[in-house]
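Structure, as structure tokens:
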Amino acid sequence: MSEPPASQSPGTITVLSLSPAEDDHAVLARTFRDSSLTLYPNCRLTLRKSPTIASALALLPANRIPIVLCDRDGQPEAWREILHAAQSLSAPPCVIVTSRLADDRLWAELVHNGAFDLLAKPFDKSDVIRIVHSAWVHWQNRYGRTTGDCPS
């Protein structure tokens, strides 16, 4: 079964998850489904899965995706490719890198190179929601106010 288009529909915030690990997608989808009503009363978080860099790069220019979660463990350089590709977009997404090796040194490298934040794996529901919410507010303040996207 093919996935629906990633384009924004009213009341929807699409988060792209770039990871070869199906478990990552499942945990994130469950977290968003369980938390979307309390975080965004007028909006719903939806997860768009991408197992490869190529598929993620194909989605970004054609869709307004405010947040990309990018697995570093399975694809160590994917986050750099996503950041590079996002530079040409009118509203580049906030890139959140996920890793089992999350530490201060990695966080500093990521932020220095333009990533929004680092999210430790295994995922903690409250950390996922806190960081995704922060990225959403940041992105919306920069790009969403004039486009009719969901209010924060």
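The values are calculated or read from the model by the stated rules, or taken from the named source; none is laboratory data. Everything numeric here is computed off the predicted structure, so don't read it as measured data. Glycine gets a Cβ as well: all are built from the backbone with ideal geometry, and neighbour counts include every protein chain shown. With ligands, DNA and RNA removed, areas are computed over all heavy atoms of the protein, side chains included. Shrake-Rupley method; radii C 1.70, N 1.55, O 1.52, S 1.80 Å.
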Q | Ranking by accessible area, most exposed first, for 98, 46 with a 1.4 Å probe | A | 46, 98
**Q.** Local electrostatic count at residue 123 - Lys and Arg +1, Asp and Glu -1, tallied over other residues with Cβ under 12 Å
**A.** 0
(Q) Can you give me the accessible area per residue for region 61-152, using a 1.4 Å probe, in Å²? (A) 51
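Ignoring ligands, DNA and RNA, how do 123, 32 rank by accessible area with a 1.4 Å probe, largest first? Kindly include the intermediate steps, with their values, before the conclusion.
Values: 123 40, 32 0 Å².
From most accessible down to least: 123, 32.
With +1 on the Cβ of every Lys and Arg and -1 on the Cβ of every Asp and Glu, and nothing else charged, how large is the dipole of region 48-152 about its Cα centre, in debye rounded to the nearest 20?
Working: 12 positive and 11 negative charges, 68 e Å.
The calculation lands at about 320 debye.
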Q | Accessible surface of region 65-148, 1.4 Å probe, proportion on carbon and sulfur as whole % | A | 49
